[in-house]
Amino acid sequence: MDTLKHTPLTTIHQSLGARMAPFAGYLMPISYAGIREEHMAVRNGVGVFDVTHMGEFIVRGRQALDLVQAVTSNDASKLAIGQAQYSCLPNGEGGIVDDLLVYRLPEEMCSEGEQAFLLVVNASNLAKDWEWINRHNQYDTRLIDISDETGLIAVQGPKAVQVLQRLTDIDLAAIPYYHFVKGTIAGIDNVLISATGYTGSGGFELYTENDKLPALWEAVFQAGEPDDIQPAGLGARDTLRLEMGYCLYGNDINDTTSPLEAGLGWITKLKKGPFIGRDLMVAQKEAGLTRKLVGFTVKDRRVPRHDYVIESESGETIGIVTSGTQSPNLDIPIGMGYVASPYAAAGSTIYVVAGSKRLEAEVCPMPFYRKES
Amino acid sequence: MQYPDNLKYTKEHEWILVDGSVGIIGITEFAQSELGEIVYVEVDTVGESIARDEVFGTVEAVKTTSDLFMPVSGKVIAFNEEIDEKEGDNPAVINEDPYGKGWIIKVELSDLSELDKLMDAAAYKELVG
């Protein structure tokens with residue numbers, strides 16, 4: 001019995017020979033030509049991900065901003081129309097319900113005095129987020145779940161802008177990072193063109209209605225042919241984000257990890273006014289953090305993996321690995337994990353337990369990968 | 001997908017080719033395709049006698065780590081130089097040629113009757129379908 005959801009692009013992925021696997025209730029492409037090849041295509045050229053599984057909620061009403069401010073940690077009052085921010089939903093018990101993007105939408109779709117936001121959440125948390133935000137909605141505003149109608153592709157890499165420019169009159173290079181416009185691309189109206197992504201190599205995320213997504217995908221690949229555009233799967237998405245030190249919900253952050261411990265203090269605006277979880281975070285900040293999420297490189301060929309224990313030199317347990325991979329760009333094993341604060345400084349030596357072996361590792365600043373200038 | 005008839009297979013997706021009392025062991029085409037790009041193979045058991053179903057090494061792929069299990073009991077007498085990091089280190093050969101150049105270890109079998117417990121090509125093909 002097949003209970004997995006398909007995206008509008010599933011048959012295209014299958015015809016491209018993608019390795020498919022279940023992810024958050026969807027049958028998703030993990031890789032096509034191979035994780036490393038797709039990874040390098042995004043770093044050096046352009047690659048395209050189907051990320052339709054992501055969830056999208058519209059928040060619209062006279063008090064839409066109040067609701068967004070109450071449930072998210074970043075300061076949404078700072079968003080101009082056409083701007084987006086990374087944020088999280090604190091759970092009020094010191095952990096994180098989800099991390100998300102908050103877009104401030106144009107008000108043309110609103111009645112007088114209303115504001116509208118688009119929240120883009122993780123597929124694996126969609127039902128939980130929906131219940132959570134609705135539970136805290138004591139405002140004159142309403143939530144609309146448009147996930148099932150909304151398709152999303154991410155066109156990522158240094159050549160993304162030149163490829164997409166062939167399909168639109170909108171000056172794409174003029175859209176700053178974490179800004180967006182709604183407009184026509186590849187003859188498709190009302191596409192939300194967002195200068196965001198999860199790769200660290202630039203590019204755009206394109207939101208459109210599900211039934212228009214296959215035509216958009218085909219147009220993007222035709223336009224990208226001279227630049228050797230490649231389809232990229234969730235495997236490369238993971239290696240790309242990990243090289244940048246971006247958190248993945250379920251790996252690096254979850255219901256028990258604090259945004260401050262996770263290094264997300266920069267999206268936790270304690271002075272913006274009251275929001276869920278704020279008091280706990282203020283107290284945590286005053287008391288000092290007992291553990292921190294760090295990046296590390298391994299001085300061995302073995303690769304750290306989620307849930308491997310981290311020890312001090314004397315063998316005391318000091319933390320746990322949350323993500324790990326062989327870095328395609330650096331060609332060494334890299335990882336992220338929580339360690340007790342005394343071991344969190346760059347340069348600290350820690351040991352990762354991989355079965356019967358102890359791998360020496362060094363805490364390092366993130367991102368792991370920086371663009372060569 | 002290839003399932004050579006002259007090999008015996010385990011449910012953990014190793015194969016063994018036996019000649020007399022010496023066996024050559026690797027992982028199947030199915031295994032390498034599930035693992036994806038292999039970046040490192042660790043075998044530090046050369047010279048050791050290891051029981052059937054015990055771990056003799058580890059494969060690191062970009063996405064995952066997988067232990068390697070002995071199909072039969074025996075003494076590890078060689079590690080394929082092609083994939084040994086001390087000798088040149090080209091583990092991608094397992095992806096490219098899992099039944100040939102991508103073999104992993106040679107063993108001296110201690111109990112030939114254990115071979116009867118392994119799957120033949122038809123049974124293994126049935127398993128991975």
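None of the figures in this text is laboratory data; all of them are computed from the coordinates on show. Small disclaimer: the values here were computed from a predicted structure and weren't measured. Heads up, the Cβs are rebuilt from the backbone with ideal geometry, glycines too, and the neighbour counts pull from every protein chain shown.
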Within the set A:LYS5/A:LYS78; A:LYS128/A:LYS292; A:LYS78/A:LYS285; A:LYS182/A:LYS292; A:LYS159/A:LYS212, which residue pairs have Cα atoms separated by over 28 Å? A:LYS5/A:LYS78; A:LYS182/A:LYS292
I need A:PHE23, A:PHE57 ordered by Cβ neighbour count within 10 Å, fewest first. A:PHE23, A:PHE57
Say we join alpha carbon atoms closer than 10 Å with springs in a Gaussian network model of chain A; which of A:VAL48, A:VAL303, A:VAL102 then has the biggest fluctuation? A:VAL303
Suppose every Lys and Arg Cβ carries +1 and every Asp and Glu Cβ carries -1, with no other charges. What dipole size does the protein assembly as shown come out with about its Cα centre, to the nearest 20 debye? 1560 debye
What is the set of long-range amide H partners of B:VAL62 at a cut-off below 5 Å, with H atoms built 1.01 Å from backbone N? B:GLU37, B:VAL39
In what order do A:CYS88, A:CYS110 fall by count of nearby beta-carbon atoms within 10 Å, going from fewest to most? A:CYS110, A:CYS88
Could you tell me the distance between the Cα centroids of the stretch A:317-373 and the stretch B:46-86, to the nearest Å? 26 Å
Treat the count of other C-beta atoms within 10 Å as a stand-in for reagent exposure and order A:CYS364, A:CYS247 from fewest to most. A:CYS364, A:CYS247
Euclidean distance between Cα centres, the stretch A:1-46 to the stretch A:58-129, Å: 28 Å
Within the stretch B:8-111: Cβ-based charge dipole about Cα centre, in debye rounded to nearest 20 (Lys, Arg +1; Asp, Glu -1): 320 debye
Just to be sure I understand: of the beta bridges DSSP finds with both ends in the protein assembly as shown, what percent are antiparallel, rounded to 5? 95 percent
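Which chymotrypsin sites (Phe, Trp or Tyr not before Pro) from the stretch A:83-188 combine a DSSP loop assignment with at most 14 other Cβ atoms within 10 Å?
Answer by residue number: A:TYR177.
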Bin by bin, in steps of 10 Å, what percent of the Cα pairs in the stretch B:43-100 do you find, going until the bin that has the longest distance? 21, 51, 28, 0
Rounded to the nearest 500 deg cm²/dmol, what is the calculated helix-only ellipticity per residue at 222 nm for chain A, with -39500 (n - 2.57) per DSSP H run of length n ≥ 4? -5500 deg cm²/dmol
Qualifying GluC sites (Glu not before Pro) in the stretch A:319-373, DSSP loop, other Cβ atoms within 10 Å at most 14: A:GLU372
222 nm mean residue ellipticity, helices alone, for chain B (DSSP H n ≥ 4; -39,500 (n - 2.57); rounded to 500): -4000 deg cm²/dmol
Quick one: which residues, 5+ away or cross-chain, put their amide H under 5 Å from the amide H of A:GLY203? H built at 1.01 Å from N. A:GLY157
At a temperature of 10 °C and a viscosity of 1.306 mPa s, determine how fast the stretch A:218-369 diffuses translationally according to Stokes-Einstein, using the Kirkwood radius over alpha-carbon pairs as Rh; express D in µm²/s, rounded to the nearest whole number. 94 µm²/s
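With only Lys, Arg, Asp and Glu charged, each at its Cβ (+1 for the first two, -1 for the last two), find how big the charge dipole of the stretch A:290-373 is about the Cα centre; round to the nearest 20 debye. The partial results should precede the final answer.
Details: 10 positive and 9 negative charges, 37 e Å.
With only Lys, Arg, Asp and Glu charged at Cβ, the dipole is about 180 debye.
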Give the residue list of trypsin sites (Lys or Arg not before Pro) in the stretch A:85-166 that are DSSP loop and have at most 13 other beta-carbon atoms within 10 angstrom. none
Please name whichever of A:ILE332, A:TYR369, A:VAL353 sits farthest to the positive end of the charge dipole of the stretch A:290-373, dipole taken about the Cα centre and charges placed at Cβ: Lys and Arg +1, Asp and Glu -1. A:TYR369
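Seen from all sides and averaged, what is the projected area of the convex hull of the Cα atoms in the stretch A:290-373, in nm²?
Working: hull surface 21.1 nm².
Quarter of the Cα hull surface area: 5.3 nm².
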In order through the stretch B:54-65: 3J(HN,Hα) via Karplus (6.51 cos²θ - 1.76 cosθ + 1.60), integer Hz, x for Gly, Pro: 8, 7, 10, x, 9, 10, 9, 9, 4, 8, 7, 10
FRET efficiency, 1/(1 + (r/R0)^6) with R0 35 Å, evaluated for A:ASN44 and A:THR184 via beta carbons: 0.75
Two-decimal ratio, the stretch A:96-214, of alpha-carbon radius of gyration to 2.2 N^0.38 Å: 1.14
Considering all projection directions equally, how large on average is the shadow of the alpha-carbon convex hull of the protein assembly as shown, in square nanometres? 26.1 nm²
Taking a cut-off of 23 Å, what percent of all Cα-Cα pairs in chain B are separated by more than that? 24 percent
